[in-house]
Amino acid sequence: MNRTIIKNANIINEGRIFESDILIEDIFISKIANSISPNFSNTKIIDAEGNFVIPGLIDDQVHFREPGLTHKGNIYTESRAAVAGGITSYFEMPNTKPNTTTIDELSNKFNIAKENSIANYSFMFGGTNSNLDDILKNNVREIPAIKLFLGSSTGNMLVDDIDSLEKIFSNVNIPIAVHCEDEKTVNENLKLHFDTYGDNIPINCHPKIRSEEACYISSSMAVNLAKKTGARLHVFHLSTAKELELFTQKIPLSEKKITSEVCIHHLTFSDQDYDKLGTKIKWNPAVKTSNDREKLWNALNNDLIDVIATDHAPHTFKEKQNPYTTCPSGGPLVQHSLVSMLESYHKEKISLEKIVQKMSHNPAILFDIKKRGYIKEGFYADLVIFNLNSPWKVSKDNLMYKCGWSPFENKIFKSRILHTFVNGNLVYSMGKVFEGKMGMKIQFDR
């Protein structure tokens with residue numbers, strides 16, 4: 001049996017910070033106590049004195065680009081970057097090539113991840129205007145949610161037929177996760193700008209094209225449909241202050257039927273950053289105003305918003321140099337999501353306990369994840385150890401993304417991730433990923 005004792009840990013868990021030791025036996029946390037002695041042979045000791053230990057992050061929205069788009073990234077490369085960033089479990093999105101809209105394609109992804117993913121994994125199943133039968137064939141214990149794209153972000157996966165939407169909302173009894181931007185509004189805004197600029201639309205026009213109105217029309221429609229049908233709705237990547245009126249914090253998360261997420265880039269950047277960073281911060285939905293950003297922060301801290309994720313979506317640097325109309329939206333984030341949030345802690349924008357709640361506990365609650373997201377005896381030993389005061393600079397030399405770039409290049413982060421455990425295995429330590437132990441398929445308590 002493999003054993004590891006983490007000594008003198010400042011544990012952040014369930015709204016508390018307390019000092020304790022943690023015993024890992026094989027894949028599980030077997031004991032949490034004030035002092036655990038190494039009374040076993042071949043026990044590895046990690047002294048965490050002065051550092052913090054948190055449950056591994058669960059990122060509910062990533063695009064790892066496999067199959068079909070592996071020049072941008074793949075399950076192996078991006079899961080390496082994820083564990084280096086403290087993410088031990090992820091849900092990957094269905095807009096790969098082919099799209100994950102059939103049982104066969106879903107099975108193919110699980111087979112790829114079984115052989116190649118260093119982090120724990122599951123995959124959302126994509127809904128279309130015509131695949132309700134395939135959606136209903138899914139084993140609800142196998143996937144976290146059905147993913148619907150209600151905007152023009154994803155080519156062939158746009159769901160814009162209201163009858164199809166209502167059938168999906170009425171028949172699916174697991175979370176329905178939605179990307180909300182109104183196609184008609186976006187296209188009208190794009191035409192206006194194209195008539196003025198042609199292909200070379202200035203990047204700072206992006207939030208005017210993918211506007212507040214486009215987001216609100218779509219998200220309010222989804223929320224109203226969920227209320228009408230009783231569906232369990234999760235709205236991805238909120239980007240506007242206006243959308244916040246659609247949600248509530250008056251009931252516990254476990255009882256909410258309608259939940260929401262905010263992403264690292266919408267908490268970090270604003271439209272004032274387009275001039276400096278250009279297409280590196282071109283996402284859908286667009287990064288919007290500093291007022292939107294501050295209202296998102298307020299909503300996150302007062303529990304209107306339930307989850308923090310990345311929407312990690314790598315493209316090659318060459319692709320990101322294309323003119324506006326052909327430049328893809330998205331960027332790499334999994335390696336820097338936790339340190340970015342810790343930077344916000346240093347700026348007194350969020351507490352350490354709240355970071356853990358939104359990035360570990362709440363995804364586990366929201367998606368009924370089995371034995372992950374907490375530091376508890378009997379739970380999988382997915383753990384992250386970090387130091388709050390160990391500055392380092394982001395450079396191409398320490399990037400692990402296959403695409404080889406980051407919007408955070410040259411930024412100095414005050415905090416550093418020291419070690420990451422996945423299922424009791426030390427998979428990352430001090431800048432190095434240890435390979436050979438693959439992540440596990442995430443299970444759900446349903």
Open item on the list: Taking the criterion of being closer than 28 Å to residue 86 by Cα, part of a loop (DSSP other than H, G, I, E, B) and modelled with pLDDT of 95 or more, would at least one residue in region 244-255 satisfy it?
Closed with: yes
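In region 264-321, what residues are basic (Lys, Arg) and farther than 24 Å from residue 252 by Cα?
The initial filter retains those residues of region 264-321 that are basic (Lys, Arg), namely 276, 280, 282, 288, 293, 295, 318, 320.
Passing the criteria: 276, 280, 282, 288, 293, 318, 320.
With respect to residue 218, determine if the residue is assigned to a helix (DSSP H, G or I) and not aromatic (Phe, Trp, Tyr). Explain how you work it out, then say what you get.
Details: assigned to a helix (DSSP H, G or I): yes; not aromatic (Phe, Trp, Tyr): yes.
Yes.
Okay, residues lined up against (1) in contact (Cβ under 8 Å) with a residue 60 or more places away in the chain; (2) among the hydrophobic types (A, V, I, L, M, F, W, C); (3) assigned to a loop (DSSP other than H, G, I, E, B):
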site	(1), (2), (3)
238	yes, yes, yes
266	no, no, no
314	yes, no, yes
322	no, no, yes
- [ ] Can you tell me which residue among 109, 72 is touching a Cys at 6+ places or on another chain (Cβ under 9 Å) and under 27 Å from residue 142 (Cβ atoms)?
- [x] 72
Task: Residue match in region 325-345 (condition: more than 18 Å from the chain's Cα centre (by Cα), outside the structural domain of residue 22 (by TED's automatic domain parsing) and surrounded by 20 or more Cβ atoms within 10 Å (Cβ to Cβ)) - done: no
- [ ] Count, please, the residues in region 36-57 that happen to be touching a Phe, Trp or Tyr at 6+ places or on another chain (Cβ under 9 Å) and more than 25 Å from residue 442 (Cβ to Cβ).
- [x] 1
TODO: Consider residue 86 carefully, then state whether it is surrounded by 21 or more Cβ atoms within 10 Å (Cβ to Cβ) and either hydrophobic (A, V, I, L, M, F, W, C) or under 19 Å from the mean Cα position of the chain (by Cα) (or both).
DONE: yes
TODO: With the condition kept exactly as written, say whether any residue in region 180-188 is within 26 Å of residue 358 (Cβ to Cβ) and either outside the structural domain of residue 304 (by TED's automatic domain parsing) or surrounded by 16 or more Cβ atoms within 10 Å (Cβ to Cβ) (or both).
DONE: yes
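What helices (runs of 4 or more DSSP H), lying completely within region 114-204, carry at least 2 residues that are among the small types (Gly, Ala, Ser)? Reasoning before the result, please.
Details: elements: 132-137, 162-171, 183-197.
Per the criteria, 162-171.
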Open item on the list: Just to confirm my filter: which strands (runs of 3 or more DSSP E) fall fully inside region 28-76 and include at least 1 residues that are surrounded by fewer than 17 Cβ atoms within 10 Å (Cβ to Cβ) and modelled with pLDDT of 95 or more?
Closed with: 28-33, 43-47
TODO: Scan (1) farther than 27 Å from residue 281 by Cα; (2) more than 21 Å from the chain's Cα centre (by Cα) for the single condition residue 258 breaks and write down its number.
DONE: (2)
Open item on the list: Can you tell me which residue is surrounded by the most Cβ atoms within 10 Å (Cβ to Cβ) among those in region 121-141 that are touching a helix residue (DSSP H, G or I) at 6+ places or on another chain (Cβ under 9 Å) and in contact (Cβ under 8 Å) with a residue 60 or more places away in the chain?
Closed with: 121
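Does residue 223 count as assigned to a helix (DSSP H, G or I), closer than 24 Å to residue 135 by Cβ, of a type in the set (Val, Ile, Thr) and touching a strand residue (DSSP E or B) at 6+ places or on another chain (Cβ under 7 Å)?
Details: assigned to a helix (DSSP H, G or I): yes; closer than 24 Å to residue 135 by Cβ: yes; of a type in the set (Val, Ile, Thr): yes; touching a strand residue (DSSP E or B) at 6+ places or on another chain (Cβ under 7 Å): yes.
In short, yes.
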- [ ] Please find, within region 136-158, the residue that is nearest to the chain's Cα centre (by Cα) out of those that are modelled with pLDDT of 85 or more and of a type in the set (A, V, I, L, M, F, W, C).
- [x] 145
Open item on the list: List pairs: first residue in region 30-46 and of a type in the set (Lys, Arg), second residue surrounded by fewer than 14 Cβ atoms within 10 Å (Cβ to Cβ) and at pLDDT below 95 anywhere in the structure, Cβ distance under 7 angstrom, at least six positions apart or on different chains.
Closed with: none
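The values are calculated or read from the model by the stated rules, or taken from the named source; none is laboratory data. Fair warning: this is a prediction, and the values are worked out from it, not measured in the lab. All Cβ positions, even for glycine, are placed from backbone atoms using ideal geometry, and neighbour counts span all protein chains on display.
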